[in-house]
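A.B. asks: After the structure tokens below, expect a handful of questions from me.
The values are calculated or read from the model by the stated rules, or taken from the named source; none is laboratory data. If you're wondering where the values come from, they're calculated on a predicted model, not measured in any experiment. Cβ placement follows ideal geometry from the backbone for every residue including glycine, while neighbour counts extend to all protein chains displayed. Accessible surface is based on the protein model in full, side chains and every heavy atom, while ligands, DNA and RNA are left aside. Shrake-Rupley method; radii C 1.70, N 1.55, O 1.52, S 1.80 Å.
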Amino acid sequence: MNPDSSAPTLSHAIEIRRRNIFADVQCAFWKEEPSLRDAHFLFDPGKVREVCVVPNFISEGYFTQTVIPRELELNGKVTRRSDGQTWYYADPVGNHPLMTDLLVERAREIAPDIPESATSLLIVAHGTDLNDNSAVAAKREAEKIRALGRYANVLNVYMEEFPMVSDWRILTSTPNVVVVPFFISDGLHSYQDIPVLLGIQAEGSASDRRKGGEVFQRRPYQVDDRALFYASSIGTDPRVAEIIIELAASAREQTGR
């Protein structure tokens, strides 16, 4: 539905490949090619003996706990295949401690000159009834940022469960509000759905991605005499490549390698 959805993953893979840490670096997707089910054929077992799988997802949930293991035929953190390969399954990218720093820095980048003491920071996630864990990552990050004592208010809000991002006017009272989507990529949700829920874009209209995603801008949207700053998704940060590398190494270390 949106070609930008896979762009950050492909970009991170290019960066990791450039560093020459691994024998090979490939991507596999749920709804694009190459598919997760075809990932078995990406690495020649005669040349590659170990494969580290790092889910480029924000949280533990339905896809990381059910879909990926099913499609890749993984039976736990370590899977030893009949062809001699050993596959290690890492934690999702969103679980890494560096995510907290990335979220805070993204908030400052989009609104560098406003006082944090007069600002509410909203971490927006999807939310779903498929798995209760899907909302945990956003809640965890909001709590960690709140503990820093920098912003007047830090909230985890969702598209499909309470507290709803569409209720931001009720949930916050500060003159400034910064919104950071806790998503892996800028796709339909960040370009269109969330802006509509925030009231900064009319329903049925989408920002022109070919113009660089003009919905993301440093100048604030003026809504009800309040300044609202809207950032791009956190998964587009180039430093996510470093997170992926660390998670891959950790997956092997934790299983006795």
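A.B. asks: Is one or more of the residues making up segment 135-151 closer than 19 Å to VAL215 by Cα and touching a strand residue (DSSP E or B) at 6+ places or on another chain (Cβ under 7 Å)?
C.D. replies: Our first condition is that a residue be closer than 19 Å to VAL215 by Cα; within segment 135-151, this holds for none.
No, segment 135-151 has no match at all.
A.B. asks: Could you please tell me which pairs satisfy a Cβ distance under 8 Å, a separation of 6+ or placement on different chains, a first residue in segment 228-239 that is closer than 15 Å to VAL124 by Cα and part of a strand (DSSP E or B), and a second residue that is aromatic (Phe, Trp, Tyr) and at pLDDT below 95?
C.D. replies: Partner pairs satisfying both residue conditions: TYR230/PHE216.
A.B. asks: Looking at segment 230-257 only, could you name the residues that are open to solvent by 10 Å² or more (accessible area, probe 1.4 Å) and in contact with a helix residue (DSSP H, G or I) (Cβ under 9 Å, 6 or more places away or on another chain)?
C.D. replies: SER232, THR236, PRO238, ARG239, GLU242, ILE244, ILE245, GLU246, LEU247, ARG257
A.B. asks: Before we move on, is PRO97 closer than 19 Å to ASP237 by Cβ and open to solvent by less than 20 Å² (accessible area, probe 1.4 Å)? Steps first, answer last, please.
C.D. replies: Working: closer than 19 Å to ASP237 by Cβ: yes; open to solvent by less than 20 Å² (accessible area, probe 1.4 Å): no.
No.
A.B. asks: I'd like the residue in segment 191-206 that is touching a helix residue (DSSP H, G or I) at 6+ places or on another chain (Cβ under 6 Å) and open to solvent by 50 Å² or more (accessible area, probe 1.4 Å) and, out of all such residues, is modelled with the lowest pLDDT. It would help to see each step written out before you state the result.
C.D. replies: Within segment 191-206, the subset touching a helix residue (DSSP H, G or I) at 6+ places or on another chain (Cβ under 6 Å) is 197, 201, 203, 206.
Still in the running and open to solvent by 50 Å² or more (accessible area, probe 1.4 Å): 197, 203, 206.
On the way: LEU197: 96, GLU203: 75, ALA206: 53.
Per the stated criteria, the residue is ALA206.
A.B. asks: For segment 1-23, what are the residues that are touching a helix residue (DSSP H, G or I) at 6+ places or on another chain (Cβ under 7 Å) and under 13 Å from ASP237 (Cα atoms)?
C.D. replies: PRO8, HIS12, GLU15
A.B. asks: Kindly provide the set of residues from segment 139-159 that are open to solvent by less than 40 Å² (accessible area, probe 1.4 Å) and of a type in the set (Gly, Ala, Ser), ordered by number.
C.D. replies: Within segment 139-159, ALA142 is the sole residue that qualifies.
A.B. asks: Right, something else. Kindly provide the set of residues from segment 160-182 that are open to solvent by 20 Å² or more (accessible area, probe 1.4 Å), modelled with pLDDT of 95 or more and under 23 Å from ASN95 (Cβ atoms), ordered by number.
C.D. replies: Scanning segment 160-182 gives a single hit, PRO163.
A.B. asks: If I go through segment 62-95 residue by residue, how many of them are in a loop (DSSP other than H, G, I, E, B), at negative phi and not polar (S, T, N, Q)? Lay out the reasoning, then the answer.
C.D. replies: Keep residues of segment 62-95 that are in a loop (DSSP other than H, G, I, E, B), which gives 73-77, 81-85, 90-92.
If we keep only those that are at negative phi too, we end up with 74-75, 77, 81-83, 85, 90-92.
This time we only want the ones that are not polar (S, T, N, Q), so: 74, 77, 81, 83, 90-92.
Of the residues in segment 62-95, 7 are in a loop (DSSP other than H, G, I, E, B), at negative phi and not polar (S, T, N, Q).
A.B. asks: State the number of residues belonging to segment 207-220 that are open to solvent by 60 Å² or more (accessible area, probe 1.4 Å), modelled with pLDDT of 50 or more, not acidic (Asp, Glu) and not in a strand (DSSP E or B).
C.D. replies: 0
A.B. asks: Let me ask something else about it. Please go through (1) under 27 Å from GLN254 (Cβ atoms); (2) within 20 Å of the chain's Cα centre (by Cα); (3) loosely packed, with under 14 Cβ neighbours inside 10 Å for ASN20 and return the number of the only condition it doesn't satisfy.
C.D. replies: It is condition (2) that ASN20 fails.
A.B. asks: Also, I was wondering about something else. Restricting to segment 38-61, and then to whatever is out of contact with any Lys or Arg (no Cβ under 9 Å at 6 or more places or on another chain) and in a helix (DSSP H, G or I), can you tell me which residue is nearest to ILE184 (Cα to Cα)?
C.D. replies: That would be ALA39.
A.B. asks: Moving on. LYS77 fails exactly one of the following numbered conditions: (1) open to solvent by 50 Å² or more (accessible area, probe 1.4 Å); (2) over 29 Å from ALA125 (Cα atoms); (3) touching a strand residue (DSSP E or B) at 6+ places or on another chain (Cβ under 9 Å). What is the number of that condition?
C.D. replies: Status for LYS77: all satisfied but (2).
A.B. asks: Restricting attention to segment 1-33, report how many residues are part of a loop (DSSP other than H, G, I, E, B), of a type outside the set (Val, Ile, Thr) and at pLDDT 95 or above. Don't jump to the end; show me each part of the working.
C.D. replies: If we filter segment 1-33 for residues that are part of a loop (DSSP other than H, G, I, E, B), which is where we start, we get 1-2, 6, 19-28, 30-33.
So of that shortlist, the ones also of a type outside the set (Val, Ile, Thr) come out as 1-2, 6, 19-20, 22-24, 26-28, 30-33.
In the following step, the residues that additionally are at pLDDT 95 or above were identified as 19-20, 22-24, 26-28.
Residues in segment 1-33 being part of a loop (DSSP other than H, G, I, E, B), of a type outside the set (Val, Ile, Thr) and at pLDDT 95 or above: 8 in total.
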